[in-house]
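Data first, discussion second: the structure below is written as structure tokens.
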Amino acid sequence: MEEQSKYARLFNEIDSQALITLGVVLVGTIVLIIVSQRGLNWLATRLHGQLRFRVFALVPLTRLLILITALAIIVPIIIEPSLSNMVTLLGALGLAIGFAMKDYVSSLIAGVVSATELPYRPGDWVQIEDTYGEVKHVGLRTVDIQTPDDDMVYVPHLKLWDHAVYNANNGGTSLQCVASFYLHPEHEAGWVRKALRDVALTSAYLKFDQPVIVVAEEKPWGTHYRIRAYPVDPRQQFLFITDLTVRGKALLSAAGVPSAMLQPDAALDANKEAGASYSRNNDY
């Protein structure tokens, strides 16, 4: 009973005047949000350049300011604004916010860990889950990754706790690229391996102080060849793979080496193999 009376003293008695005031504030808040959003969107669509995006950015900020103002008016009407009541209210509010923002706090802690362990840094090419690209910025909460399709993906640092981070160049300038070729089993393997190595050695994008390796693996449907080599600059990886694939395909076709005729289930297996390094593989 004492606890019930304690919490009862937190709240004011709500009379008809208080209900009318609350209703007016709620209706006014809804109207202001609708008017501000439509007005700012209308204004933004008639602007150009950076100014247009800045006006769009004001939409959520304006909505937040309106909601904070409404709460500042509503709370004193419902709760007696005494020191003890405010302490109790702020304590409960802090607990609720802390629980709701546990992932945010976890990302901040992981951000501190990333600053010491350096699993990625600006300029690295990383893959986190399904996102592959170049690290552009490492912030307190997120790492900003620009994908090959020029999308900017913001990945929270908390992924460090339970997801693997694949770092292709790990702070250096050497990034291995893989170009794949799927060939019919009836061919001269030694000649093909040498020819594919020559294709890599004659590429304008090749980094000559790194090894060039051609590996072959026999499959039920044919032979899988992979050229493993390094471009001069990690940002040239896709041009390098394209160059290897196009010139390798032309050479093999001119020599009459047939490509493998993959069965549907074998094609799925090949796609799974390429998926681990999908961003650095092309198939022939």
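The values are calculated or read from the model by the stated rules, or taken from the named source; none is laboratory data. The model shown is predicted, which means the values in this text are computed figures rather than measured ones. Methodologically, a virtual Cβ is constructed for each residue, glycine included, from the backbone with ideal geometry; neighbour enumeration extends over all protein chains shown. Surface accessibility is based on the protein's heavy atoms, side chains included, excluding ligands, DNA and RNA. Shrake-Rupley method; radii C 1.70, N 1.55, O 1.52, S 1.80 Å.
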Segment residue 210-residue 251, extension gain: residue separation times 0.36 nm, minus the distance between their alpha carbons: 12.4 nm
Residue-count net charge about residue 227 - beta-carbon cut-off 10 Å; Lys, Arg +1, Asp, Glu -1: +4
Restraint check, 194/219; 159/207; 207/249, Cα-Cα greater than 25 Å: 159/207
Cβ-derived FRET efficiency at R0 30 Å, residue 116 paired with residue 30, nearest 0.05: 0.05
Apportionment of accessible area to carbon and sulfur, the stretch 26-165, percent (1.4 Å): 69 percent
Separation between Cα centres of the stretch 186-245 and the stretch 99-116, rounded to whole Å: 41 Å
Charge sum, other residues only, whose C-beta stays under 14 Å from residue 129's C-beta, Lys/Arg counted +1 and Asp/Glu -1: -1
Placed amide H near residue 118: partners under 5 Å, 5+ positions off or other chain: none
Ordering of 231-243, 207-219 by burial proxy (mean other Cβ atoms within 10 Å per residue, highest first): 231-243, 207-219
